[in-house]
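The values are calculated or read from the model by the stated rules, or taken from the named source; none is laboratory data. The model shown is predicted, which means the values in this text are computed figures rather than measured ones. Quick reminder, even Gly has a Cβ in these numbers, built from the backbone with ideal geometry, and neighbours come from all protein chains shown. Protein only, heavy atoms only, side chains kept; ligands, DNA and RNA dropped before computing areas. Shrake-Rupley method; radii C 1.70, N 1.55, O 1.52, S 1.80 Å.
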Amino acid sequence: QFFYCDMEESEDVPKDFIKLKSEKLSVDEVSELVVSPYCGAVSLFIGTTRNNFEGKKVIHLEYEAYTSMAETEIKKICRDVRQKWPSVKHIAVHHRLGVVPITEASVIIAVSSPHRAESLEAVMYCINTLKASVPIWKKEIYEDEYSWKENKECFWANSEK
Amino acid sequence: QFFYCDMEESEDVPKDFIKLKSEKLSVDEVSELVVSPYCGAVSLFIGTTRNNFEGKKVIHLEYEAYTSMAETEIKKICRDVRQKWPSVKHIAVHHRLGVVPITEASVIIAVSSPHRAESLEAVMYCINTLKASVPIWKKEIYEDEYSWKENKECFWANSEK
Amino acid sequence: MCQPLASYWLGHTHHVKLAGLRCETLSVPREITSLQLWEEIVKVHPRLALIRDQVVFAVRQEYVLLGDQLLVLQPGDEVAIIPPISGG
Amino acid sequence: MCQPLASYWLGHTHHVKLAGLRCETLSVPREITSLQLWEEIVKVHPRLALIRDQVVFAVRQEYVLLGDQLLVLQPGDEVAIIPPISGG
């Protein structure tokens, strides 16, 4: 009797972990957040800073966010994921703000699920939708100039490309 | 002149990192292996040990491999990935052998690419193909018995299911 | 009837930076279409007209395209001008 | 003509474990189909017949189905009996 009661309590309720922060992101930390004894799969996507854009040498990137709305939009993505893939257990989305040096992570997304297909598809959905709808902006700093970027996924800017 | 020469040398030649080992796997280590200044995306898949199978409580898992052939088959997967997604930069496949406790990783696959679609698709291909073709076996240890598993992807065992 | 309206300006794009804005308050009718609201803002900051085709609003943190959609605003509502995003 | 052949036995399945094998050497004709090779092995270890439908060979670390495919074996070649895999 007690045994079943105990099992119930440790069912590992699905959780969303959302964070925008200016410190370095940790892959270990984000993947640990979503690991679950009920899951056999964790899928991750890490967006890293590239050293070049159209032949120009990028020194580093700078990210800005409309923070409160960005968090709201990421919560919406999590809610959509749970509707599309009900077996998904935990979701973690960490996005870095401010300066991000070359090769460091600007975003880490991790999703756990009992079987792998769901977490793989959910991670792909998360990063695609984040790029299309979360109000965060990236400035590329070159050696002697800078440029604000636009995601091709941005839903209201597409028509002009 | 020297500048271009220097660029050439630091082009970050594509590499495959394959390891079968009985120590605990590290997500940070595997993701660090594939990070590249030429890439904006790292995708990872982590296979973790579940605490249950068909209602039975799993104590831990044990993995065995036909090691030399497993490495050869993983190399083949890497070669296929590079044919299918030529922009893929680095590929890392770490598989744990021996006892793997609940929630720990049995396999970690990481792929880097300049843009995200390639690494996401390549990781999915890697884990699907690994399950279908790499000679590694998993034994689930329950409280009072054990069972060798079969992947549904195993290509010569499918016809009988 | 006019209501005070807190407009949150995202000043990170070149053009919005030129307008020298981050955040300010504007009084507008309680019921107004999103395009009319845009035109009210452009009256105050004519240089924003340059980015008309590149932006949407976020009204109370929900995206609203510039067009005929009627907004019913409350005092203190936050409206942001959102240029093309580039997170990830 | 007969050649010594190193057979690598993967002893992890229940049935193969029952046969009590890990690795042994067997002499067989240099040219032989994979199914004939299986039958040679079953002659020595009759209990393996039970898992006929569940296994393939790996010959020099390449998968070979049990069937009409002709194997050309060299002395020392490694042949493994591969039950359904479950890595990942």
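So which residues in segment B:89-108 are polar (S, T, N, Q) and part of a strand (DSSP E or B)?
Matches in segment B:89-108: B:SER106 only.
Conditions (1) in contact (Cβ under 8 Å) with a residue 12 or more places away in the chain; (2) within 14 Å of chain C (Cβ to nearest Cβ); (3) of a type in the set (S, T, N, Q); (4) in a strand (DSSP E or B), marked per residue:
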position	(1), (2), (3), (4)
A:THR72	no, yes, yes, no
A:LYS75	yes, yes, no, no
A:VAL81	yes, no, no, no
A:SER87	yes, no, yes, no
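Determine, yes or no, whether B:GLU150 is over 19 Å from B:CYS39 (Cα atoms) and either away from chain D (no Cβ under 12 Å) or of a type outside the set (Val, Ile, Thr) (or both). For B:GLU150, the condition - over 19 Å from B:CYS39 (Cα atoms) and either away from chain D (no Cβ under 12 Å) or of a type outside the set (Val, Ile, Thr) (or both) - is met. Here C:GLN36 passes the criteria (1) under 24 Å from A:SER147 (Cβ atoms); (2) modelled with pLDDT of 85 or more except the one numbered (1).
Of all residues in segment C:68-86, which are within 22 Å of A:ASN151 (Cβ to Cβ) and out of contact with any Lys or Arg (no Cβ under 6 Å at 6 or more places or on another chain)? Within segment C:68-86, C:ALA80, C:ILE81, C:ILE82, C:PRO83, C:PRO84, C:ILE85 qualify.
Residues are listed down the side, and each one gets a yes or a no for (1) under 26 Å from A:TRP85 (Cα atoms); (2) open to solvent by less than 20 Å² (accessible area, probe 1.4 Å); (3) aromatic (Phe, Trp, Tyr); (4) at pLDDT below 85:
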{"residue": "A:SER119", "(1), (2), (3), (4)": "yes, yes, no, no"}
{"residue": "A:MET124", "(1), (2), (3), (4)": "yes, no, no, no"}
{"residue": "A:THR129", "(1), (2), (3), (4)": "yes, no, no, no"}
{"residue": "A:SER133", "(1), (2), (3), (4)": "yes, yes, no, no"}
{"residue": "A:ILE136", "(1), (2), (3), (4)": "yes, yes, no, no"}
{"residue": "A:LYS139", "(1), (2), (3), (4)": "no, no, no, no"}
{"residue": "A:TYR146", "(1), (2), (3), (4)": "no, no, yes, yes"}
{"residue": "A:LYS149", "(1), (2), (3), (4)": "no, no, no, yes"}
{"residue": "A:ASN158", "(1), (2), (3), (4)": "no, no, no, yes"}
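Taken as a whole, segment A:100-110 holds at least one residue that is within 9 Å of chain B (Cβ to nearest Cβ), at pLDDT below 95, farther than 26 Å from D:SER86 by Cα and open to solvent by 30 Å² or more (accessible area, probe 1.4 Å).
Kindly provide the set of residues from segment A:89-98 that are open to solvent by 10 Å² or more (accessible area, probe 1.4 Å) and either closer than 30 Å to B:THR48 by Cα or without any contact (Cβ under 8 Å) to a residue 60 or more places away in the chain (or both), ordered by number.
Initially, segment A:89-98 is screened for residues open to solvent by 10 Å² or more (accessible area, probe 1.4 Å), giving A:89, A:96-98.
Selection gives A:LYS89, A:ARG96.
The set of residues from segment A:17-59 being of a type outside the set (Phe, Trp, Tyr), at pLDDT 95 or above, over 19 Å from A:ALA117 (Cα atoms) and not in a loop (DSSP other than H, G, I, E, B) comprises A:ILE18, A:LYS19, A:LEU20, A:LYS21, A:VAL27, A:ASP28, A:GLU29, A:VAL30, A:GLU32, A:LEU33, A:GLY47, A:THR48.
Could you say whether any residue in segment C:65-77 is charged (D, E, K, R), in a loop (DSSP other than H, G, I, E, B), at positive phi and in contact (Cβ under 8 Å) with a residue 12 or more places away in the chain? No: segment C:65-77 contains no residue that is charged (D, E, K, R), in a loop (DSSP other than H, G, I, E, B), at positive phi and in contact (Cβ under 8 Å) with a residue 12 or more places away in the chain. Reported count of residues in segment B:30-70, each being open to solvent by 30 Å² or more (accessible area, probe 1.4 Å) and either without any contact (Cβ under 8 Å) to a residue 12 or more places away in the chain or away from chain A (no Cβ under 12 Å) (or both), is 9.
Among the residues of segment B:128-143, are any touching a residue at least 40 places away in the same chain (Cβ under 8 Å), under 30 Å from B:TYR38 (Cα atoms), under 16 Å from the mean Cα position of the chain (by Cα) and more than 9 Å from chain D (Cβ to nearest Cβ)? Yes, that holds for at least one residue. Say we look at segment D:33-55 and pick out the residues that are more than 12 Å from the chain's Cα centre (by Cα) and surrounded by 14 or more Cβ atoms within 10 Å (Cβ to Cβ); which of these is farthest from the other protein chains (Cβ to nearest Cβ)? So the residue we want is D:LEU50.
Within segment C:69-88, the set of residues being among the hydrophobic types (A, V, I, L, M, F, W, C) and exposed (fewer than 13 other Cβ atoms within 10 Å of the Cβ) comprises C:LEU70, C:VAL72.
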